[in-house]
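Here's the structure, in structure tokens; my notes come after.
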Amino acid sequence: MTTTEHNPAADELLAIRCQLGEPAAFDDLIARWHAPLWSFVRRLVGSDDAAQEIFQDVWIRVIRSMPQLRDGTRLRAWLFGITRRTVMDHLRQEYARAPPVDLDVDEIAAEASAEDAADLEVLERALVGLPIIEREVLTLFYLQELSLNEVAEALKVPLGTVKSRLFRAKRLLRQAMAARGVQP
Amino acid sequence: MTNHLPPPALIEDLRRLTGAELSGPARMGYLGLLLAASMMTAIVIALLLTEPSLPPRTSIALGVMVAIGLSWMGFAAWVLTRRRILLGHHRVVAGRMAAAFSGVFCAGSLAVGYATSNRSAMAAAVLGGVMVLIAAAILIRASRDVERLSKRRDELERQLGLRV
């Protein structure tokens, strides 16, 4: 799992240095945030190749949107919000090209190989098989350890919606895990 | 949980990308385009306003030139705010350049206007004055933003123990 210790003051400093246009600031921003953002994109899209294509777009948007960041202490939620919107834009284009596929929990479970060595591996596979809305909320809250308020800000939805999505996501994940014979 | 580590070359790719996005020459090129288009448009507008006896076809041609100049100004402004963005220090430099060029343009037009009693040159000087005011406003705002951000940066560096 890739998480970055939450330090609002350090994030604000980094954001301000970027907004000032300090030459090394964006290198520091990349050094601090590329791994968690990559992990988030990778989990949402499910493959390295697709993630790599999207990831460059994420950083272009981050650079171009930097002057619009009003509160540097919220850098973390802001970055995940941009990342999420970029992924969604790409997926929207993909879905527009490809015929829709119905997802159900049994189907997701059947995709797992019988030789899954560890429960954690099964959890990862079950997570990747969940619909994107549930996957992103679980990833942000449990894997990236954003607070509920930060998740709401990143997803641009009310707090209540985050809670209901989390509830539904946990239920779907439990069902997918149970269908694979793993007790969540 | 499986680790999703980024490919090793990714950071270098991102740094290259950032360098290209923030490259100075491209940004200054668009700033130059904005200033040149502004001055050309100001001169043509001054001609249109002060030469009522121009043949209709000439007036139409000048109107088209004004439209072209405004389009280039809009394009350059769009690039500088959406694509090759100007960050704090860049905005101050851009504001200084805009103020300097507008000042020279205004003073030059005024000098020509006085020397030749040319009404078009005087009108261009008035428009140049408006450009100086706009450039000064941009410069003042950019300087205040940089001052506020620098102050906050210093506070945070002290708070985080990065500065004594």
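The values are calculated or read from the model by the stated rules, or taken from the named source; none is laboratory data. Since this is a predicted model, take the numbers as computed values, not measurements. When we count neighbours, we look across all protein chains shown, and the Cβ atoms used for this are built from the backbone with ideal geometry, even at glycine. Ligands, DNA and RNA are excluded from the accessible area calculation, which covers all protein heavy atoms including side chains. Shrake-Rupley method; radii C 1.70, N 1.55, O 1.52, S 1.80 Å.
Looking at the stretch B:146-164, is at least one residue more than 11 Å from chain A (Cβ to nearest Cβ) and in a helix (DSSP H, G or I)? So far as the stretch B:146-164 goes, no, none of its residues is more than 11 Å from chain A (Cβ to nearest Cβ) and in a helix (DSSP H, G or I). Yes or no: the stretch B:95-107 includes at least one residue that is open to solvent by less than 80 Å² (accessible area, probe 1.4 Å), within 30 Å of A:TRP59 (Cα to Cα), within 14 Å of chain A (Cβ to nearest Cβ) and not charged (D, E, K, R). Checked the stretch B:95-107: at least one residue is open to solvent by less than 80 Å² (accessible area, probe 1.4 Å), within 30 Å of A:TRP59 (Cα to Cα), within 14 Å of chain A (Cβ to nearest Cβ) and not charged (D, E, K, R). Can you confirm whether A:SER47 is open to solvent by 10 Å² or more (accessible area, probe 1.4 Å), among the hydroxyl-bearing types (Ser, Thr, Tyr) and at pLDDT 90 or above? Considered against the rule, which asks whether it is open to solvent by 10 Å² or more (accessible area, probe 1.4 Å), among the hydroxyl-bearing types (Ser, Thr, Tyr) and at pLDDT 90 or above, A:SER47 comes out as no. Put simply, of B:SER71, B:SER53, B:SER23, B:SER38 the only residue that is polar (S, T, N, Q) and within 14 Å of chain A (Cβ to nearest Cβ) is B:SER23.
Across the stretch A:22-40, not a single residue is classified as open to solvent by 10 Å² or more (accessible area, probe 1.4 Å), at the interface with chain B (Cβ under 7 Å from one of its Cβ atoms) and in contact (Cβ under 8 Å) with a residue 60 or more places away in the chain.
Show me the helices (runs of 4 or more DSSP H) found entirely inside the stretch A:130-184 where at least 3 residues are open to solvent by 20 Å² or more (accessible area, probe 1.4 Å) and either over 18 Å from A:GLY81 (Cβ atoms) or not acidic (Asp, Glu) (or both).
Values: elements: A:132-138, A:148-155, A:159-179.
Counting at least 3 such residues, we get A:132-138, A:159-179.
Cβ-Cβ contacts under 8 Å between residues 6 or more apart (or on different chains), taken from a first residue in the stretch B:150-164 that is not assigned by TED's automatic domain parsing to the domain that holds B:VAL92 to a second residue that is in a helix (DSSP H, G or I) and open to solvent by 90 Å² or more (accessible area, probe 1.4 Å), are listed as B:VAL164/B:ARG158.
I'd like to verify a number: residues in the stretch B:4-35 that are of a type in the set (D, E, K, R) and farther than 28 Å from B:PHE75 by Cβ, how many? So the answer is 3.
For the stretch A:67-78, a residue qualifies if it is out of contact with any Leu (no Cβ under 6 Å at 6 or more places or on another chain), buried (at least 19 other Cβ atoms within 10 Å of the Cβ) and not charged (D, E, K, R), and the qualifying residues are A:GLY72, A:LEU75, A:ALA77.
Select, from B:VAL64, B:VAL44, the only residue that is β-branched (Val, Ile, Thr), more than 14 Å from chain A (Cβ to nearest Cβ), more than 19 Å from A:MET66 (Cα to Cα) and touching a Leu at 6+ places or on another chain (Cβ under 6 Å).
B:VAL44
Within the stretch A:55-63, is even one residue out of contact with any Leu (no Cβ under 7 Å at 6 or more places or on another chain), among the charged types (D, E, K, R) and buried (at least 23 other Cβ atoms within 10 Å of the Cβ)? No; the residues of the stretch A:55-63 include none that is out of contact with any Leu (no Cβ under 7 Å at 6 or more places or on another chain), among the charged types (D, E, K, R) and buried (at least 23 other Cβ atoms within 10 Å of the Cβ). Has the stretch A:60-70 got at least one residue that is polar (S, T, N, Q), out of contact with any strand residue (DSSP E or B) (no Cβ under 7 Å at 6 or more places or on another chain) and assigned to a helix (DSSP H, G or I)? Yes, the stretch A:60-70 contains a residue that is polar (S, T, N, Q), out of contact with any strand residue (DSSP E or B) (no Cβ under 7 Å at 6 or more places or on another chain) and assigned to a helix (DSSP H, G or I). Tallying residues that are more than 8 Å from chain B (Cβ to nearest Cβ), over 14 Å from the mean Cα position of the chain (by Cα) and under 26 Å from A:GLN19 (Cβ atoms) within the stretch A:41-66 yields 4.
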